[in-house]
1. Within the stretch 53-92, can you find the residues that are assigned to a strand (DSSP E or B) and open to solvent by 60 Å² or more (accessible area, probe 1.4 Å)?
2. So if I check each of Val62, Val114, Val58, Val66, which one is under 13 Å from the mean Cα position of the chain (by Cα) and more than 18 Å from Glu5 (Cβ to Cβ)?
3. Please tell me if Thr35 is of a type in the set (S, T, N, Q), surrounded by fewer than 19 Cβ atoms within 10 Å (Cβ to Cβ) and either at pLDDT 95 or above or touching an Asp or Glu at 6+ places or on another chain (Cβ under 6 Å) (or both).
4. Among all residue pairs at least 6 apart or on different chains, which show Cβ distances below 9 Å where the first residue, located in the stretch 98-117, is modelled with pLDDT of 95 or more and the second is open to solvent by less than 20 Å² (accessible area, probe 1.4 Å) and charged (D, E, K, R)?
5. Looking only at the stretch 1-16, which residues are more than 15 Å from Val114 (Cα to Cα), part of a loop (DSSP other than H, G, I, E, B) and open to solvent by 70 Å² or more (accessible area, probe 1.4 Å)?
Amino acid sequence: MSSPEIASLSWGQMKVKGCSTTYKDCKVWPGGSRTWDWRETGTNHSPGVQPADLEEVVKKGVQTVVIGRGMSEALQVPASTVEYLKRNGVEVLVLQTEKAVAEYNALAARGVKVGGLFHSTC
């Protein structure tokens, strides 16, 4: 199963190829995507992305996770979150969202089992 391409990105919205939903924040993995609802784990811009935000994506057997910190990089990614991924044998890239989407799409096009968490505002 391949990772779906992020078909479009603009402030406050993203589209994933093959999915009719328009996302503000989304999680993607080989074979799927869904809304990334920060309320599920109590995520906020600070302290930022929590390991609990990534568990679902890691369980899909990804090799790499790309985290988009937002258009202005307001979303934090603590060292503990990066360490969680590394402990689980997952490479991690943390980038501004437009750069993160470009990198994610490039990895997916090469057939890498890649997942991502993308924040499309701030």
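The values are calculated or read from the model by the stated rules, or taken from the named source; none is laboratory data. Treat the numbers as computed from the prediction; the structure is a model and nothing was measured. Cβ placement follows ideal geometry from the backbone for every residue including glycine, while neighbour counts extend to all protein chains displayed. Protein only, heavy atoms only, side chains kept; ligands, DNA and RNA dropped before computing areas. Shrake-Rupley method; radii C 1.70, N 1.55, O 1.52, S 1.80 Å.
1. Result: Glu91, single match.
2. It is Val58.
3. Criteria met by Thr35.
4. Gly115/Lys27; Gly116/Lys27; Leu117/Asp25; Leu117/Lys27; Leu117/Asp53
5. Answer for the stretch 1-16, where residues must be more than 15 Å from Val114 (Cα to Cα), part of a loop (DSSP other than H, G, I, E, B) and open to solvent by 70 Å² or more (accessible area, probe 1.4 Å): just Trp11.
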